[in-house]
Amino acid sequence: MIRTRFAPSPTGALHIGGLRTALYSFALAKHDKGEFILRIEDTDIKREVEGSKERIKEILKLFGMDWDGYFVQSDRAREGIYKKAAEALVEAGHAFYCDCKPRNAKEEGYSKELRDPCRDAGKTAGAIKLKVPEGEHISFRDFVLDKEVTWETSTVADTTLLKSDGFPTYHLAVVVDDNDMEITHVLRGHDWMPSTPVHLLVYKYLGYEKPEIGHLTDILDPEGGKLSKRKGSTSVDGLLKEGYLPEAVLNFIMLLGWAPKDNRELFSLDEFVKTFDHQGFQKSNPVFNKEKLDWFNGEYIRQKSDAELLELFGPFIPEGADEEKVKKVIPLIKDRIKTLADFNAMAGFLFEIKTVDTALFGKDYKIHLQKAAQAIEESGDLMKVVEENKFKTGDFFMDLRIAIAGSRITPPITDSIAILGKEETLARLKKFID
């Protein structure tokens, strides 16, 4: 049976790359009716952000990825599981104690050299480090890249496995945990590739059977380079706060590194799991295309009922807005918006007066607004105003939009006026006529 895992660190907001790893791991297992494990890698206690563990679980549930087993590394560390494994490596001659001074909190047992000066010193206390052999080759077949990857041990550093406080580093914990939890397939970010030879040696020296390992592509920023937190929202919570629907975010990241055989684009989670094939993993790095995310979001917004949208728009509606008025607005804007946050940009003027930049008006705006106000006061036909006065239709209605909404982009203006009401509409027009 296939068993995969998602193993995030609770050190901050979950990045979309992390969600993608979770999604692919979930699909890989569930496609073959396997199991998906959630493991919180929290051994870097100093960097843990309060509430992160719970938020990770909330996000996975929000996106429909429930787990079949849950583990927390710090709990396992307190049981001495990693210490026992590290000491077994020392006993077998594959690891050694190092008491070199740390350069910083993350690098206990730090040495500038690939071969640590403590490796043959017979120390009996300190951090425990892997004793990398000389003159060997280490290789594995990456099932995502579909190729053999090889290192010479002369390029692999003696690496810290257990800190002196008894807490493991990632390099020991990941191997012990994947073995104990019977993980058969490991998916992880490409940035972990340089650590793989260390892990392969630990598997070998502990007598473990190594799982299939695959490294996913990097998600690139449109401006170049790896997608960075410094360039807009790259966290899952950040995108949700911007008004992106979970199903749109999920569908978007499905195709950031994987492609179906038939070029299909819209998938529910269940459909994705059913269709998933690990041979669909792409080898080239995908680009985070915000326009494509907007397209997905628009598609999913239009699939929602007006009642569902009323609830979803909640955080984005002006405070104190009349619910009945909101209900009238939704059918006018649902085909025009890209995100839930567009509600305010598109229809906020119906609930609060917006600042109007008079430079947006055309040269004939006063006569346009005068004639429009007269027609509205008399419940007349605005198109008739255009025809009788030989106005340019676009110019007339654009001036009307700007005066009422403060924007060139609005729902249909006649519908907007009906929702806004005659009295309020006239009050806004007259500010620019008098």
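Take the conditions (1) without any contact (Cβ under 8 Å) to a residue 60 or more places away in the chain; (2) in a helix (DSSP H, G or I); (3) under 39 Å from the mean Cα position of the chain (by Cα); Arg408 misses just one of them, which is (2). The residue pairs whose first member lies in region 59-78 and is among the small types (Gly, Ala, Ser) and at pLDDT 95 or above, whose second member is surrounded by 13 or more Cβ atoms within 10 Å (Cβ to Cβ) and part of a strand (DSSP E or B), and whose beta carbons are closer than 6 Å, counting only pairs six or more residues apart or on different chains, are Gly69/Ile37.
In region 55-63, is there at least one residue being closer than 24 Å to Leu200 by Cβ and surrounded by 19 or more Cβ atoms within 10 Å (Cβ to Cβ)? No; the residues of region 55-63 include none that is closer than 24 Å to Leu200 by Cβ and surrounded by 19 or more Cβ atoms within 10 Å (Cβ to Cβ). For region 107-128, check the following and say yes or no: at least one residue is among the hydrophobic types (A, V, I, L, M, F, W, C), surrounded by fewer than 21 Cβ atoms within 10 Å (Cβ to Cβ) and touching a residue at least 40 places away in the same chain (Cβ under 8 Å). Within region 107-128 (the criterion being among the hydrophobic types (A, V, I, L, M, F, W, C), surrounded by fewer than 21 Cβ atoms within 10 Å (Cβ to Cβ) and touching a residue at least 40 places away in the same chain (Cβ under 8 Å)), the answer is yes, since at least one residue qualifies. Kindly indicate whether any position in region 325-343 is surrounded by fewer than 15 Cβ atoms within 10 Å (Cβ to Cβ) and either closer than 30 Å to Thr234 by Cβ or in contact with a Cys (Cβ under 7 Å, 6 or more places away or on another chain) (or both). Scanning region 325-343, I find at least one residue that is surrounded by fewer than 15 Cβ atoms within 10 Å (Cβ to Cβ) and either closer than 30 Å to Thr234 by Cβ or in contact with a Cys (Cβ under 7 Å, 6 or more places away or on another chain) (or both), so the answer is yes. Is one or more of the residues making up region 257-265 in contact with a Gly (Cβ under 7 Å, 6 or more places away or on another chain), of a type outside the set (A, V, I, L, M, F, W, C) and in contact (Cβ under 8 Å) with a residue 40 or more places away in the chain? No, region 257-265 contains no residue that is in contact with a Gly (Cβ under 7 Å, 6 or more places away or on another chain), of a type outside the set (A, V, I, L, M, F, W, C) and in contact (Cβ under 8 Å) with a residue 40 or more places away in the chain. Only one entry of Asp218, Asp165 meets the criterion of being in a loop (DSSP other than H, G, I, E, B) and free of Cβ contacts under 8 Å to residues at least 12 places away in the same chain, and that entry is Asp165.
Candidates Val198, Val144: the one that is crowded, with 22+ Cβ neighbours inside 10 Å, on the phi < 0 side of the Ramachandran plot and part of a loop (DSSP other than H, G, I, E, B) is Val144.
Return yes or no: is Asn285 in contact with a Ser or Thr (Cβ under 7 Å, 6 or more places away or on another chain) and either outside any helix (DSSP H, G or I) or crowded, with 19+ Cβ neighbours inside 10 Å (or both)? Against the criterion (in contact with a Ser or Thr (Cβ under 7 Å, 6 or more places away or on another chain) and either outside any helix (DSSP H, G or I) or crowded, with 19+ Cβ neighbours inside 10 Å (or both)), Asn285 qualifies.
Of the residues Glu136, Glu182, the single one that is in contact (Cβ under 8 Å) with a residue 60 or more places away in the chain and surrounded by fewer than 15 Cβ atoms within 10 Å (Cβ to Cβ) is Glu182.
Here are some residues: Val386, Val356. Which one is assigned to a loop (DSSP other than H, G, I, E, B) and either surrounded by 19 or more Cβ atoms within 10 Å (Cβ to Cβ) or of a type in the set (A, V, I, L, M) (or both)? Unique residue meeting the criteria: Val356. All of Gly232, Gly214, Gly225 fail the test of being among the small types (Gly, Ala, Ser) and modelled with pLDDT of 95 or more, apart from Gly214. Of Glu87, Glu54, Glu50, all but one fail to be assigned to a helix (DSSP H, G or I), free of Cβ contacts under 8 Å to residues at least 24 places away in the same chain and among the acidic types (Asp, Glu); the exception is Glu54. Thr43 meets the stated requirement of being closer than 16 Å to Val174 by Cα, outside any helix (DSSP H, G or I) and in contact (Cβ under 8 Å) with a residue 12 or more places away in the chain. Per the listing Ser235, Ser284, Ser195, the residue uniquely of a type in the set (Gly, Ala, Ser), touching a His at 6+ places or on another chain (Cβ under 7 Å) and over 23 Å from Phe313 (Cα atoms) is Ser195.
Looking at Phe397, Phe432, Phe349, which is the one that is over 25 Å from Ile337 (Cα atoms), assigned to a helix (DSSP H, G or I) and among the aromatic types (Phe, Trp, Tyr)?
Phe432
The set of residues in region 35-52 that are of a type outside the set (Asp, Glu) and buried (at least 17 other Cβ atoms within 10 Å of the Cβ) comprises Phe36, Ile37, Leu38, Arg39, Ile40, Thr43, Ser52.
Among the candidates Glu223, Glu209, Glu265, which residue alone is out of contact with any Ser or Thr (no Cβ under 7 Å at 6 or more places or on another chain), outside any helix (DSSP H, G or I), under 21 Å from Trp151 (Cβ atoms) and not aliphatic (A, V, I, L, M)?
Just one listed residue meets the conditions, Glu209.
Within region 211-229, one or more residues are farther than 20 Å from Lys30 by Cα, surrounded by fewer than 18 Cβ atoms within 10 Å (Cβ to Cβ), of a type outside the set (D, E, K, R) and touching an Asp or Glu at 6+ places or on another chain (Cβ under 8 Å).
The values are calculated or read from the model by the stated rules, or taken from the named source; none is laboratory data. Keep in mind it's a predicted model, so treat the numbers as computed, not measured. Positions of Cβ are generated from backbone atoms using ideal geometry, with glycine treated the same way; all protein chains shown enter the neighbour counts.
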